[in-house]
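Data block below; observations after.
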Amino acid sequence: MSWSIAQVARMSGVTARTLRHYDDIGLLKPDHVGANGYRYYEEEQLLRLQQILVLRELGMALADIAGAIDSEPDMIAALRRQYARLIGERDRLAKVAETVRRTITELEGRPEVAVKINRPENLFEGFDASQYDDEARERWPEDFERAQRKRQQMTEGDIEHWQRETTAAMIRMAEFMAAGTPVDDPAVLDEVHRHWQSMCEWWTPSRTAYTCLGRMYVDDERFKANYLKIAEGLAEYQAAAMAAYADARLSD
């Protein structure tokens, strides 16, 4: 049985324009093109489209998907492997969802929510910090290796302590923000100095690097999401305070 491009678009949720693009780049060729000029797809192409969508969900770049699919001639084996990865991702996201649900339950109905968190480290349960490793290794190789050595030396107790301290620092900054304290206030700068010192355990950021780090907390949704768990606008406040601290107390 054949399905037209319009039918495939309807059943898959992939637009006809995207399907045509997949054809143009050789990722998903139709089974044949009819006399009317329409693309038609058979079961084989639908199965390949499913694999494409699965790999996209798993975060694979479009440019890499064709090679990943074509390198595995056994479709069932490929699907089993993708299924296992999806189950792993489902379990990880379920843990993240439970973390957020627990935080909502803990904070509901409390106007002073920022200071009422019983176990701050719970805010970050289920989040996989290793997802940043490849990017960090490429951008800052020497600092990455130094951080890796320190991480390997940390015990579970050290990690829990670090999580508590990190969350507590974010809460203190949220309190400054809620009070309307200017980011260049000496008390805020002293708090940011503690943050800078904690960074120096891993690497030593210069004025420019530290300012860029603050901007990354805002621009990179992965980092910004952590601040949103504490308070709306906290990432922006933190970044502005880091820039003020860098200008006042750091040098290149």
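The values are calculated or read from the model by the stated rules, or taken from the named source; none is laboratory data. The structure displayed is predicted, hence computed values, not measured ones. Cβ placement follows ideal geometry from the backbone for every residue including glycine, while neighbour counts extend to all protein chains displayed. Keep in mind that these areas ignore ligands, DNA and RNA; they rest on the heavy atoms of the full protein, side chains included. Shrake-Rupley method; radii C 1.70, N 1.55, O 1.52, S 1.80 Å.
Miscellaneous remarks
- Backbone N within region 36-76 under 16 Å of label point (7 Å from residue 2 Cα along the Cβ vector): 36-46
- If you plug the beta carbon distance of residue 193 and residue 53 into 1/(1 + (r/R0)^6) with R0 = 51 Å, you get a FRET efficiency near 0.60.
- Computed lengthening from residue 17 to residue 142, 0.36 nm per intervening residue step minus Cα-Cα distance: 40.6 nm
- Two-site label geometry, residue 86 and residue 206: point separation in nm, points 7 Å out along Cα→Cβ: 4.8 nm
- In Å², nearest 10: area of residue 83 left accessible to a 1.4 Å probe: 150 Å²
- Take the Cα of residue 46, step 7 Å toward its Cβ, do the same at residue 10, and the gap between the two points is 1.3 nm.
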